[in-house]
1. If the only charges are +1 at each Lys and Arg Cβ and -1 at each Asp and Glu Cβ, what is the size of the charge dipole of the chain around the Cα centre, to the nearest 20 debye?
2. Of all beta bridges DSSP finds with both residues in segment 43-227, what is the antiparallel percent, to the nearest 5?
3. If you take the C-alpha gyration tensor of segment 71-156, multiply each eigenvalue by 5 and take the square root, what semi-axes do you get, largest first, in whole Å?
4. Taking the Cβ of ARG56 as the center, what net charge do the other residues with Cβ under 14 Å away carry, scoring Lys and Arg +1 and Asp and Glu -1?
5. Mean shadow of the chain, computed from the convex hull of its alpha carbons, in nm²?
6. Output the 0 to 90 degree angle, nearest 10, between the alpha-carbon long axis of helix 26-40 and the longest principal axis computed from the alpha carbons of the chain.
7. Have a look at PRO73, ALA91, VAL62 and report the one farthest towards the positive end of the charge dipole of segment 43-227, computed about the Cα centre with Cβ charges (Lys/Arg +1, Asp/Glu -1).
8. Under 10 Å, Cα contacts only: if you run a Gaussian network model on the chain, which one of ASP60, ASP44, ASP132 comes out with the highest mean-square fluctuation?
Amino acid sequence: MTGRSIQDGGRDDSRITEIRCDHREDEQVAAAFARVAQEAGAIDILVNNVWGGYERMMEDGVFTWNKPFWEQPLWRWDAMFDAGVRAHYFASQLAARSMVARLRGLIVNISFWAAQKHIGNVAYGVSKAATDKMTADMAAELRPHGVTVVSLSPGLVRTEKVLQAAAWLDLSNSESPEFIGRAVSALAADSDVMRHTGGVRVAAGLAIEYGFKDIDGTVPRPLALTDV
């Protein structure tokens, strides 16, 4: 598990190795993958969940998230592509080499399928669409090598930031952060997972298909575009 604020060895869980890594820095990413290769020998599953662009919502006292594209700060576009699409691309490059050599593997790109509808701002929709197109094209090139690539979309996830805004949100159909992890586990355990390759799947939909539940025993309802 990688993250910018992770402290190496900070988690009291022998099953998890934490590696401090800023995925905007290629050298740190390459070093992280080299460590995985040295200690684990191979990569079976890669989950790309790096993202940027949510920081600095307020600038000079103005909430900028919903501004039209000509009034958007340009850094937001760069943040979403550098700490999102590009970061997923580079990590996938490094993981795919190991997977192709072994003729198996699973790459999951966390995305948001509903961004095909205009939500928030142009940069957000374009970056999510780019992630899904990247998934489709990677899948086309990796299929002959037995490697599956899927875009996986959560619903409303009860992250720390979401819970801070709970007073303004309807959390009745929300998901724990662990829920999408269970979706990844279900995909990884599916001997016919290749049928999903290149596609965009919703975690709540996979819960119905595979029969898993959230940590509180519920199954969130898959969102329709009209719900978003």
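What follows is calculated from the coordinates using simple rules that are stated; it is not laboratory data. Quick caveat, the model's predicted, so the values are computed rather than measured. Ideal geometry is used to build each Cβ from the backbone, glycine not excepted, and the neighbour counts take in all protein chains shown.
1. 480 debye
2. The answer is about 10 percent antiparallel.
3. Output for segment 71-156: semi-axes of 27, 14, 9 Å.
4. -1
5. If I average the Cα hull's projected area over directions, I get 13.6 nm².
6. So the helix axis and the longest Cα principal axis differ by about 40 degrees.
7. Farthest along the dipole direction, towards plus: ALA91.
8. ASP60
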